[in-house]
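Accompanying notes for the structure given below.
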Amino acid sequence: MSDYDVLVVGSGIAGLSIAVRLSRVGLRVGVVTKASLSDSTTIWAQGGVAAVLGEGEDSKEAHVADTLRAGAGLCDEEAVALLVEEGPRRVEELIDLGAVFDRTDAGAFALAREGGHSHPRVLHAGGVATGIEVQRTLVDAIEGAGVDVIEHSFAHRLLSGDNGVEGIEVLRGSGQRSVVTASHIVLATGGAGQVFAVTTNPPESTGDGVAMALRAGVAVSDVEFMQFHPTALYCDISPRPLISEALRGDGALLRDGEGARFVDELAPRDVVSSAMAATMQAQARNHLWLDATTLRDFEQRFPSLTQRLASLGIHPGEDWIPVAPAAHHLAGGVMTDLSGATMLEGLWAAGEVADTGVHGANRLASNSLLEGLVFGSRVAEAIAEGQRGPSPTGVLRALLAPGSGGLGVDEVIASHDMADDEPDSDLSLLEIEKQRLALQQVMTDDAGVVRNAHGMEHAASVVGALARHQGESPATMAQGELSNLCEVARAMLAAALQRHESRGSHERQEFPERDPAWQRRLVHRGGGR
Ligand code: SIN
């Protein structure tokens, strides 16, 4: 018998909500996390949760339309419709679990507007501390739920047999290696912003689930679409503190080096980041400015941001805030059907690690916590109902029932021949850190907001050389993370080199236009190794 019915890898909004639901139906559930239970990318989420909760000027149709427009032709329309339709119910369930969202004096939800949204529809907590409130709620719920929590344990390899997934190999904090078996494994490992030197993501966001899937030959798509958030604080701190889009939703303005406006601040993120990159290049500047001086009650409405900025000597009532784009959210990931099932039986993916098709080529702001809730619930329901393999729905329709609708796919020809089977076991921590920084820097320099073939080929050669030292059985978590960063960076570069157009978060200097012939998904299927 397996150790667990369901083992969830990752402890963010998607992973914890799945674990809570499945423990309630009597399944034996474990959660393995490489940090502690309350550390996850979710806590870094500022803006909030986009959802149409009531009647008024906003509508679900408008939320769908905004999501599709931001996604630049690569969303799966069925997935977007589910996200928007089921979202409000899932948000209400989170509120029932104890989450407290900000309200107006009249008691209604205080809704923010963010880039790409035609209406204010973003719920938030503590101003821009939404992720902290969501995580607190779910950790509280997990604590009484009888879920086994395995902390400080790094899952790095999927184990499978004739009937699909069987377990994972885990490296414990002590350096001890062990196998945890389960009938179902759920990847909920979050994002991959650490592939870049300039990112809003915490150090843990190393693309672990995507890397495990790539190595196991489980289909992964759309990884060329790393979203760059336009307004990360320009400073020496890593990760870069996020200056929430809620400020622009409230009237803050972007200004160039001469103080002039240059873009519609509430356009989708790819448009704003691209305009910023062009302006920074034209004016030979490392950053631009966010002018929030006219916002009323800044301190009361954004207390955590006020404190953070004050600690750096910035007072938004008087000072313009120095900002520049930073890697923020991976739109693609492990391909799933509309229930979160992947191409490997028993393996599921939810949250940022998954490519459900809701984000397409560029995520609409504040749709990601919602995605974690909605598709997390769908995973839990499907497992509880006894589903194990994928169905031809969502982005998997193109693989399982080609020609039956949805977007077509092209395969990415990625070279998986660079890694040794056995990693260098004698890499010191210092050497690993040096290699991680080298990878991050070359990706920021050569595969950032604006890309070209020359730069990306250079990045691919640097990453390829680093990958030669890595393999599937790392001696330490630091080495395992580096190996995953190499794997994900190579997949991103291969797809980004192959996509000869500019679309959403992927901007190519040589191909500045969107090309209808490229309204297709790029898929890594790998052969496993
Ligand atoms: C923000 O507050 O600007 C971030 C929200 C998001 O990335 O969806």
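Just a few scattered comments:
- Just one of the listed residues (Ala65, Ala70, Ala106) is surrounded by fewer than 18 Cβ atoms within 10 Å (Cβ to Cβ), under 22 Å from the mean Cα position of the chain (by Cα) and not aromatic (Phe, Trp, Tyr), and it is Ala65.
- Residue within segment 207-217 that is among the hydrophobic types (A, V, I, L, M, F, W, C) and within 16 Å of the ligand (Cβ to nearest atom) present: no
- Residues located in segment 189-204, provided they are not in a helix (DSSP H, G or I) and not aromatic (Phe, Trp, Tyr): Thr189, Gly190, Gly191, Ala192, Ala197, Val198, Thr199, Thr200, Asn201, Pro202, Pro203, Glu204
- Condition met for Thr306 (farther than 30 Å from Met443 by Cβ, of a type outside the set (Gly, Ala, Ser), touching a Pro at 6+ places or on another chain (Cβ under 9 Å) and crowded, with 17+ Cβ neighbours inside 10 Å): yes
- Of the listed requirements (1) modelled with pLDDT of 95 or more; (2) buried (at least 24 other Cβ atoms within 10 Å of the Cβ); (3) not in a strand (DSSP E or B), Leu27 misses just one: (2).
- The single condition among (1) modelled with pLDDT of 95 or more; (2) over 30 Å from Thr181 (Cβ atoms); (3) surrounded by fewer than 17 Cβ atoms within 10 Å (Cβ to Cβ) that Asp148 does not satisfy is (2).
Residue by residue, here is whether (1) surrounded by 20 or more Cβ atoms within 10 Å (Cβ to Cβ); (2) out of contact with any His (no Cβ under 8 Å at 6 or more places or on another chain); (3) farther than 10 Å from Leu290 by Cα holds:
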| residue | (1), (2), (3) |
| --- | --- |
| Phe225 | yes, no, yes |
| Arg240 | yes, yes, yes |
| Gly251 | no, yes, yes |
| Asp256 | no, yes, no |
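- Taking the listed residues Ala155, Ala197, the one that is crowded, with 24+ Cβ neighbours inside 10 Å and under 23 Å from the mean Cα position of the chain (by Cα) is Ala155, with no other qualifying.
- Those helices (runs of 4 or more DSSP H) of segment 30-144 in which at least 1 residues are within 16 Å of the ligand (Cβ to nearest atom) and at pLDDT 95 or above, considering only elements entirely within it, cover 60-70, 77-97.
- Of the listed requirements (1) part of a loop (DSSP other than H, G, I, E, B); (2) within 15 Å of the ligand (Cβ to nearest atom), Leu369 misses just one: (1).
Conditions tested, residue by residue: (1) within 13 Å of the ligand (Cβ to nearest atom); (2) over 18 Å from Leu83 (Cα atoms); (3) acidic (Asp, Glu).
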| position | (1), (2), (3) |
| --- | --- |
| Ser304 | yes, yes, no |
| Leu312 | no, yes, no |
| Val323 | yes, yes, no |
| Ala327 | yes, yes, no |
| Leu330 | yes, no, no |
| Ser339 | no, no, no |
| Leu344 | no, yes, no |
| Trp348 | no, no, no |
| Val353 | no, no, no |
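- Once segment 334-366 is narrowed to residues that are of a type outside the set (Gly, Ala, Ser) and in a strand (DSSP E or B), the residue that is nearest to Thr206 (Cα to Cα) is Val334.
- Which numbered condition Pro239 fails, given (1) under 14 Å from the mean Cα position of the chain (by Cα); (2) within 16 Å of the ligand (Cβ to nearest atom): (1)
- Summed over segment 158-178, residues that are at pLDDT 90 or above, surrounded by fewer than 19 Cβ atoms within 10 Å (Cβ to Cβ) and more than 18 Å from Ser2 (Cβ to Cβ) total 3.
- Whichever residue in segment 242-296 is of a type in the set (Asp, Glu) and touching a strand residue (DSSP E or B) at 6+ places or on another chain (Cβ under 6 Å) and, among such residues, is nearest to the ligand (Cβ to nearest atom): Glu265
- Here segment 151-174 is the region considered, the condition is being in contact with a helix residue (DSSP H, G or I) (Cβ under 9 Å, 6 or more places away or on another chain) and not in a strand (DSSP E or B), and the residue that is nearest to Asp208 (Cα to Cα) is His152.
- Residue, modelled with the highest pLDDT, within segment 420-447, restricted to residues that are surrounded by fewer than 21 Cβ atoms within 10 Å (Cβ to Cβ) and among the small types (Gly, Ala, Ser): Ala438
- Segment 200-223, residues that are surrounded by fewer than 24 Cβ atoms within 10 Å (Cβ to Cβ) and over 25 Å from Asp148 (Cα atoms): Arg215, Ala216, Gly217
- Unique match (being touching a residue at least 12 places away in the same chain (Cβ under 8 Å) and either buried (at least 24 other Cβ atoms within 10 Å of the Cβ) or among the aromatic types (Phe, Trp, Tyr) (or both)) among Arg514, Arg525, Arg499, Arg503: Arg503
- For the condition closer than 30 Å to Ser178 by Cβ, surrounded by fewer than 22 Cβ atoms within 10 Å (Cβ to Cβ) and in contact with a helix residue (DSSP H, G or I) (Cβ under 8 Å, 6 or more places away or on another chain), Ala478 qualifies.
The values are calculated or read from the model by the stated rules, or taken from the named source; none is laboratory data. Quick caveat: nothing in here was measured; it's all calculated off a predicted structure. Cβ coordinates were reconstructed from backbone atoms using ideal geometry, including for glycine residues, and neighbour counts include every protein chain displayed.
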